[in-house]
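Report on the structure given below.
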Amino acid sequence: MPLTTALIAEDEPLLADALATELRQQWPDLRLLGIATDGHDVVTKALALQPDVLFLDIRMPGQDGLEAAEELADAWTLAPTRKPYPVIVFVTAFDQYAVRAFDMQAVDYLLKPVHPDRLRNTLGRVRQALGHRDDAALEAHLAQLRSLIRQSAPPDAPPIERLTIIPAAVGTTVHMVPIDEVVVFEAADKYVRVLTPNREYLLRTPLKELVPRLDDAVFWQVHRGTVVRASAIDRVTRDEGGRLWIHVKGRPDSLAVSRVYAARFRSM
Amino acid sequence: MTPFASFPLRQWLTHGLLTALCCMAIAAWRALSADHPWQVELVYSLAIGMTAWLVIDVGRYVWRASDDVPWPAGWRGGVLVLAGVMAGFAFGITLGDAYGGHDTWQDILAAPKAPLGILALTAVVSVIGTLVFHSRGRARAMEQQMLHARKDAAEAQLRLLESQLDPHMLFNTLATLRALITADPVRAVGVLDLMGDFLRSTLQGSRATHHRLRDEFDRLQDYLALMQVRLGSRLTYRLDLPATLALVQIPALLLQPLVENAIKHGIEPKVGGGTVTVIAAETDGTLMLTVVDNGIGMRPAAESPGFGTTHVSERLAAAYGPQASLEITAAPGGGTRSVVRLPLARHDQR
């Protein structure tokens, strides 16, 4: 039987080594494939090495653990020949919001410093989960991810104020765009593209900060970088690779749907 | 303002009880001194007194000036007391008459001055009672305010301490220490000493108000060395303090939040890390303390200042007024630059 493989994502080398040492002691047969040091590196390495278990630090440079998990889920499931999706264990030093979200979603996580007893319990659950990696388990994991992404608020977040009018600068003019005219929000580098049926604006606020201020019944997040007004969706098509694409009424764009959010577009 | 939203029931019942006791005492005195049947006196007394009390104690709540002040504003209070006295007298006399069979109203019509005594008694007792209850209420309200203020102060102190001891940093450092104890015990001891120094200075720093620039830079050095254990090659730092400025007094740990932010928001999230530089310089009698990093920089739109930066601004304002400033901008070439400017006292300059 092939050995179980693991990948550790941790930007602090001492802590990565400490976890590796502890794992070697508690699970000698677990083969450690490597250590990823940032949020982009972990996705690249995980797709290349295809581990069975992934220890994912939620605070890493580049992009954080939740974003990396979403990107990984998206890319992984598109290639049907891949091994089953890895069992993910989140790791955190102290993040009260994340921990609260984890508890509410019954997601397995480890606290740093990692205690041998807690690790033993977690590994027991990991071994069990390894035996049940089917579509249902994957869907459950994706649902958890969706909730975690929605819930994890930054520590000094201002109180949530619904967006009604968006001031968007175009050169020296500031256009006041009513939210009712917006059909798509799309993240682009450090900016966010705001699309109305006829125009396009650029905002400097990151998408992560806009999303909590939108009514999630009206605006659906379909990708970590894309939010769409549900009523503006004309149709959704599936390409040969299995990826879903949204076609927006009145605009030529098609928007990719990430695997994490694809459940919404299943026919009733 | 809903009329009976938060009616202070217990207080009201206490007032009622005290009023009733007072009425009974008056009745007893009248019964003894004028040899009237005590039951009749009791009924008159209670009827007058309790009615007056009800009108005043309920009326003041219904027409209160605000939820914080359960008493009508200005002249309305006086009018209410007057109304209470009148109502108490009228209703009480009627009730007493019904019980005792006496027709006091006829007596009044016959000799208008006769009831003045009772009226005066009612008025005096009502006013005294009102004043007593009123001042008790005020004392209680002030006590509540004091408790609230104390609670707010305690919370603010806690937040301050929390902001100085970032839990995320603390637990990551503890985890690092734990890892080092088995992997590299000698280094572990060094890190433990650094942590001890840092914690001591942070906790002391929140009590001591000023120290020398040299001490400030020493503390920053401790902190940066500690962070470097965790971040490894992802953090480099440089501290530049000219000897002529070493003894200048500044508020203790003024720059700590700025250096923390540089690491937490600038260096840590950047793939590959970066450098933090702290420079002290003097131009035209102004001391310039600069913290600059080449991390991921501020967002293009300036975000609202966090607790740490606000705290620095507040400390500067408290110590130096408008002569001091904190300016945070994007550093040329990427990253963030924070500059603290404060006036140099003459004896600081050499």
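Here are the numbers for the structure shown:
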{"quantity": "Hits in segment B:225-240 (condition: away from every other protein chain (no Cβ under 14 Å) and surrounded by 20 or more Cβ atoms within 10 Å (Cβ to Cβ))", "calculated": "B:Tyr237"}
{"quantity": "Filter result for the condition that a residue is surrounded by 11 or more Cβ atoms within 10 Å (Cβ to Cβ) and either touching a Cys at 6+ places or on another chain (Cβ under 9 Å) or more than 14 Å from chain B (Cβ to nearest Cβ) (or both), over A:Arg162, A:Arg259, A:Arg204, A:Arg266", "calculated": "A:Arg259"}
{"quantity": "Selection status of B:Gln145, assigned to a helix (DSSP H, G or I), within 43 Å of the chain's Cα centre (by Cα) and not aromatic (Phe, Trp, Tyr)", "calculated": "yes"}
{"quantity": "Number of the condition not met by A:Leu142 [criteria: (1) within 14 Å of chain B (Cβ to nearest Cβ); (2) closer than 18 Å to A:Leu54 by Cβ; (3) touching a helix residue (DSSP H, G or I) at 6+ places or on another chain (Cβ under 6 Å)]", "calculated": "(1)"}
{"quantity": "Residue that is nearest to the other protein chains (Cβ to nearest Cβ) [pool: residues in segment A:109-129 that are surrounded by 15 or more Cβ atoms within 10 Å (Cβ to Cβ) and touching a strand residue (DSSP E or B) at 6+ places or on another chain (Cβ under 7 Å)]", "calculated": "A:Lys112"}
{"quantity": "Only one of B:Val312, B:Val292, B:Val259 that is in contact with a Leu (Cβ under 7 Å, 6 or more places away or on another chain), modelled with pLDDT of 90 or more, crowded, with 16+ Cβ neighbours inside 10 Å and in the same structural domain as B:Leu213 (by TED's automatic domain parsing)", "calculated": "B:Val259"}
{"quantity": "Residues within segment A:185-200 that are within 14 Å of chain B (Cβ to nearest Cβ) and more than 17 Å from A:Trp220 (Cα to Cα), tallied", "calculated": "4"}
{"quantity": "Test: residue in segment A:194-213 that is aliphatic (A, V, I, L, M), touching an Asp or Glu at 6+ places or on another chain (Cβ under 9 Å) and not in a strand (DSSP E or B)", "calculated": "yes"}
{"quantity": "Where a residue in segment B:86-99 is of a type outside the set (A, V, I, L, M) and its partner, wherever it lies, is outside any helix (DSSP H, G or I), with Cβ under 7 Å and at least six apart", "calculated": "B:Asp97/B:Asp103"}
{"quantity": "Those strands (runs of 3 or more DSSP E) lying entirely in segment A:1-103 with at least 2 residues of a type outside the set (A, V, I, L, M, F, W, C)", "calculated": "A:31-36"}
{"quantity": "Set B:Ala47, B:Ala83, B:Ala90: member being crowded, with 19+ Cβ neighbours inside 10 Å, under 22 Å from B:Cys22 (Cα atoms), over 39 Å from the mean Cα position of the chain (by Cα) and not charged (D, E, K, R)", "calculated": "B:Ala47"}
{"quantity": "Scan of segment A:13-32 for residues that are within 14 Å of chain B (Cβ to nearest Cβ) and out of contact with any Leu (no Cβ under 7 Å at 6 or more places or on another chain), ordered by number", "calculated": "A:Pro13, A:Leu15, A:Ala16, A:Asp17, A:Ala18, A:Leu19, A:Thr21, A:Arg24, A:Gln25"}
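Residue-wise test of (1) charged (D, E, K, R); (2) under 30 Å from B:Pro269 (Cα atoms).
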| site | (1), (2) |
| --- | --- |
| B:Leu109 | no, no |
| B:Lys113 | yes, no |
| B:Ser135 | no, no |
| B:Asp166 | yes, yes |
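The values are calculated or read from the model by the stated rules, or taken from the named source; none is laboratory data. For clarity, every value in this text was computed on a predicted model and none was experimentally measured. Note that each Cβ is placed from the backbone with ideal geometry, even for glycine, and that neighbours are counted across all protein chains shown.
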